[in-house]
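Here, each number is a calculation from the coordinates, and none is a lab measurement. If you're wondering where the values come from, they're calculated on a predicted model, not measured in any experiment. Because the Cβ atoms are built from the backbone with ideal geometry, glycine has one as well, and the counts that use them run over all protein chains shown.
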Amino acid sequence: MPEAYIVDAVRTPVGKRGGGLAAVHPADLGAHVLRAVVERSDLDPAAVEDVYFGCVDALGPQAGDIARTAWLAAGYPEEVPGTTIDRQCGSSQQALHFAAQAVMSGTNDVIVAGGVQNMSMIPIAAAMTAAEPENGSLNPNCSAAVSAAAIGIMLMFWTPPATMTSLVPLMTACAAKWRACCDEPHWRSMVVPGISSG
């Protein structure tokens, strides 16, 4: 069975809501990293057989197969197809898994996988609330859904609320470690600067 390899990994800088990347079209965000990974890997864009992108809320500027739109916005061959995957928070990871599966099955040799989401333009859960009436059952901030999920997890594992509360310091420490990891050279090398809405 063929093996699948990740040749390179790039990303845009992390922005904040309403920050420097807020007005950048999602296709341009995707195109920016696509150009960087193709250039850094010395990859012939015509050799790419497919582009898989994860995107949680594929509506508005992220609709219409953002994987292919980003590929075309990067100026790459229109013969290369693209597929957008919505598996919620695991969308980009699923794109990578599908790419690996295609290579390992012998279906493809070269696939670019990634994801895009401009949460300033399209807030998280926007797709779930897009068709809801004004008094709809879904909250745009998903607090009810998140609360229900948390309660469901607590019930599933029979975790008393006091135990959940006691985990807050641990979770805070984990978040601090994650932020510190983002400053390590290995992770910094993935960031592709040079894009802004200005």
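With a simple spin-label model that places each label point 7 Å from the Cα along the Cα-to-Cβ direction, the separation between Y5 and C89 comes to 3.3 nm. Once backbone amide H atoms are built at 1.01 Å from N, Y52 has T83, V112, A113, G114 as its partners under 5 Å, excluding neighbours fewer than 5 places away on the same chain. For the pair A180 and D42, the difference between a 0.36 nm per residue extended length and the Cα-Cα distance amounts to 46.6 nm.
Estimated at 0.36 nm per residue, the fully extended path between V168 and T107 surpasses their Cα-Cα distance by 17.4 nm. The alpha carbon convex hull volume per residue for the range 38-84 rounds to 75 Å³. Modelled this way, with points 7 Å down the Cα-to-C-beta line, the labels at T129 and S189 are 4.1 nm from one another.
Of the peptides 77-90, 2-15, 106-119, 48-61, the order by per-residue mean of other Cβ atoms within 10 Å, starting with the highest, comes out as 48-61, 106-119, 77-90, 2-15.
Remark on the range 24-129: ratio of C-alpha radius of gyration to 2.2 N^0.38 Å is 1.02. Scaling the Cα radius of gyration of the range 66-113 by the globular reference 2.2 N^0.38 Å produces a ratio of 1.18.
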